[in-house]
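Written out below as C-alpha cells is the structure these notes cover.
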Amino acid sequence: MAIVCATAYAAAPDTVPPTFTSVPSCLIEAIASTASPTTVECTRPTATEFLTLTVEPPSTLASGLHTLVWKHGTATTDTATSVLVPVGTHIAKWIATDSAGNISTTTQVIVVQDTKPPVLALSKGVRTFIEATSENTRLEDSATAAGVSSDPGTSITTIPETLPVPETPRYETVTWRAEDSVGNVSTVDTRILVRDTEDPEITCGRASTVEPTTQNTVLAGLAAQVGTSAEDHNRVDPSPALTTEPPTLQPGARAETILWTATDKSGNDDTCSQRIWIRDSMGPTIDSTTPSSVTIETATTPVAITAEAASVTATDHNNVDPDPTITPNKASLQAGTHKVTWIARDSSNNPSDPKTQDITVAKFEVTSLAFNNNGIDITFSRPVDASTTGGILINKWYLSRGLYLGTDGMISTISTTSQTKNVVRVEPDLRQVTSYGFCTPVRANPDRCMAGSLTGPWLLSLPSTLTSAQGTKLYEGTAPTLKSCAVFVTSHPYWLDNRGVANTPGCVGYVNNPYFPSSYTGPAYSIWSDPASPSGSSSQGAQASRFPLQLSASLQAGTDSVMLDWMRGSLPTATYAVERSTDGGAFAAAQVTVLNATRATAPITPADLGSSLSYRMVETAGGVTARFDPVTVTLPPSLEAPSGLSAARSESGTSVALEWRDAPIASGYYVEKAGAGGTFERVATVTESSHTVELGAAAAGIHEFRVVAYLGSASSPPSATASVTLPSS
C-alpha cells in the first residue's frame with residue numbers, strides 16, 4: 001500500500017522597507033511677528049508600500065504662528081503642526097512604515113524667506129528741518145526728528161551721513177535707506193535743513209591788566225590772556241567768534257568796561273562784560289647802541305639841538321607809540337664838540353635807557369664877498385663841494401644904450417670852486433659881448449638884441465644845496481631899496497603885472513622875472529655893490545681872469561694819457577695853452593690833443609714812468625698872459641699787470657671770450673695763449689679790456705690764457721691765467 005507524504009512550506013517574511021519616491025522642498029514667505037496666525041501647506045513626500053507616514057516637525061521650531069500642513073494631492077496629513085518658523089532653512093523628518101513593520105526615513109527642506117522690502121514712512125513730508133546736534137549732525141540719529149520711520153528690526157542710514165549747519169540757510173537732499181535683516185532695502189529722498197537756534201555760552205574772565213600789543217590794541221585777540229572764552233552747545237560751532245565793543249583800546253590811566261559778544265556761525269550770540277586795563281609799562285628804545293657822531297653846521301650860535309638834526313631815532317615796543325619824544329640833556333650848544341645824552345619817552349611817559357652822542361657844532365657862513373674881474377668871489381667858512389654850487393644865481397641889472405632905460409635880464413653864469421674849495425667864483429657868461437658891450441634880448445621883443453654896459457647892482461642868491469641842505473640858513477637877504485637902486489622905475493609899458501612892480505616907482509625886483517627860474521624857492525636875494533664903484537658898475541676891461549677855474553688832471557685807466565679838464569674864464573676872447581713840468585723841472589709847452597673847449601689829453605711815454613708830471617694853464621686875453629697854479633699826477637714806476645681775467649667758452653666750443661680789468665696805464669694789451677703746461681704765444685694785440693679768441697678746430701684738453709699790458713715799448717708782468725677745457729668730440 002502506498003504511503004503518500006504531504007510537505008507544507010511557510011511564506012517568506014517581508015524585510016523590504018518602503019521607498020520614498022519624491023521629497024519636494026517647501027518654500028514659505030515670512031510674515032511679521034505681529035501678523036495673525038496663518039496655515040502654510042507643504043507637499044508631503046511620496047513613498048511605496050507604506051502603511052503609515054508620519055512627520056517630525058523641525059526640532060528648531062518653536063510654537064508660533066505658522067501651522068504647517070502637508071498634503072499629497074487632495075489628502076492632508078492627519079496631524080497639523082503649529083510652529084513659529086523663523087526666516088531661514090529648516091529640516092522636517094519623515095518616517096514611512098509598511099505592514100511588516102519595515103521603516104524608512106528621509107528629510108524634507110523647509111525654507112522660510114523674506115523678499116518684501118521694509119516700509120519707510122515720512123510723517124513730516126519730504127521737506128523738513130532738524131536741530132543741529134554737533135558740528136556735523138549725524139542724520140540717521142535724527143530720523144525721528146525728521147519724521148522718518150521704518151519696520152521694526154530695520155537699520156536706517158543716510159546719504160550723506162552728516163550735514164553741517166550751513167552759513168547760509170538752505171535745504172540739502174538726503175537719501176534715507178532702510179535695510180532689514182535679510183538685506184531687503186527701501187529708499188526715499190527728503191530735503192533737510194540743519195539749523196542751529198541755540199545761543200553759545202560766553203564766560204568772561206576777571207578784571208585784567210595787559211600790556212599793549214600795538215598803538216591800538218585789538219581786544220578780541222586778548223581773550224585767552226584775560227580768561228574770556230565761549231563754547232557752543234554740543235560744539236555745533238567749535239569756535240564761536242569773539243568780538244568786543246569798543247574793538248580796540250589805547251594805553252590809558254584806568255581800566256575800561258568791555259562788552260564781549262560770542263557769535264556762532266548761525267548768528268546766535270551771548271554777551272558778558274569785563275574790566276580791562278591796557279597799561280604800557282615798557283619804555284621805547286633809542287635805535288642805536290651808540291648814536292653816530294654828527295656835525296651840525298650853523299651860521300649862528302648857540303644852535304638848538306634836535307633829534308632830527310642829530311639823526312637820533314627811537315622805536316617803541318610793538319610801535320605802541322609810533323613817535324616817541326626824544327629829548328637831549330642840553331637844549332642848545334655853542335661851537336665845538338659836546339657829549340649829549342638822549343632819553344626817549346613814549347606817550348605813557350615810560351623812559352628809554354639813556355644814550356650818549358658826540359655832537360660837533362661848526363659855524364658855516366659866508367665870510368667875505370669880493371668883486372674881481374667881472375665876477376663875485378664868495379668865501380665860505382669851510383670847503384664846499386663843487387656839485388652844490390650850480391644853483392648860485394646872479395641877476396645883473398644894467399643900463400641900456402638903446403631907447404629904453406632899465407632893460408633887464410637874467411645873466412647866464414658859470415660857477416666853480418677854487419683850489420682851496422673854500423672860495424666859489426660866480427662869473428657872467430659873456431659869450432654875447434659885442435663891440436657895443438653886453439647884448440641880451442629885449443623883453444618886449446626877444447628877437448631884438450639890446451647892448452648895454454654892465455652897470456647896476458648884483459643880485460645874488462644861494463640855493464638850498466648851500467642853505468637848508470646844510471641844516472642852516474647862511475644869511476637873510478633883503479629886497480632892494482631906493483637908495484641901492486641903479487635902475488629906478490617910474491613908468492614902463494613892457495613891465496606887466498606878472499612882474500609884481502608894474503608901473504610902480506621903485507627898484508626892479510626879481511619876482512616872476514622871465515629870466516629867473518619860476519621854480520626857485522631859495523632865500524630872498526641880497527645886493528652887493530663893487531666897493532670901488534658906488535654905482536655898482538664893474539668894467540669888462542681886457543684883462544685875464546683871476547684863476548683858470550678848476551684845472552684838474554687825472555690818469556684814465558687803460559689809456560696812455562692824462563686827462564686835463566678846466567673851465568673857461570670870464571672873457572670869451574681868451575685863448576688857452578698847456579705847459580708841463582717833470583719832477584719839478586722847468587715848465588715847457590705840452591703836447592696835447594684838444595677834445596673840446598675845456599678838455600684835452602696829454603700823452604704818457606715809458607720814460608715818464610715813476611715821474612711826477614705837473615700841468616698848468618696859460619690864458620691869454622687882450623694881450624695879457626697869465627699862468628696859474630699847477631696840478632700834479634704821479635706815475636707808478638712800472639706798468640701793473642691786468643687783473644680779474646676771466647675766460648668763458650662759447651656753446652659751440654669754437655671760441656673763448658676773455659675779459660679783464662683795465663691796467664692803471666696802458667696803450668693796449670697783448671693776449672697770449674698756451675696749451676696745458678705749454679709755452680704761451682701771442683695771439684692778439686688789442687686796446688680794449690676784452691677779446692674773443694677763435695679756437696677753430698682746436699684739440700681737446702685745457703687751453704690757458706693770460707694778458708700783458710704795454711705802454712709803447714714797455715710791458716707789464718703777465719696777468720694771472722684763466723683756462724677753458726674742450727671735451728673730446
Length released on extending from THR46 to THR271, taking residue separation times 0.36 nm less the Cα-Cα span: 72.4 nm
Two-site FRET efficiency, THR632 against ASN319, from Cβ-Cβ distance with R₀ of 41 Å, rounded to 0.05: 0.15
Gain upon complete extension [VAL683, SER239; 0.36 nm per residue less C-alpha separation]: 151.9 nm
Pair GLN591, VAL182: separation of 7 Å Cα→Cβ label points (nm): 12.5
Cα→Cβ-extended label distance, 7 Å offset, between LEU27 and ALA207, nm: 8.7
Accessible area per residue in Å² at 1.4 Å probe, computed on segment 637-725: 50
GluC sites (Glu not before Pro) restricted to DSSP loop in segment 622-678 with at most 16 other C-beta within 10 Å: GLU640, GLU651
Label-point separation in nm, ASP14 to SER134, each point 7 Å along Cα→Cβ: 7.4
Accessible-area order (highest first, 1.4 angstrom probe) of the listed residues ARG195, ARG170, ARG616: ARG170, ARG195, ARG616
Gain in span if fully extended, GLN556 to THR115, counting 0.36 nm per residue against the direct Cα distance: 148.0 nm
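The values are calculated or read from the model by the stated rules, or taken from the named source; none is laboratory data. Quantities reported herein were computed from a predicted structural model and do not represent experimental measurements. A quick note on method: Cβ atoms are made from the backbone with ideal geometry, for glycine too, and the neighbour counts reach across all protein chains shown. Keep in mind that these areas ignore ligands, DNA and RNA; they rest on the heavy atoms of the full protein, side chains included. Shrake-Rupley method; radii C 1.70, N 1.55, O 1.52, S 1.80 Å.
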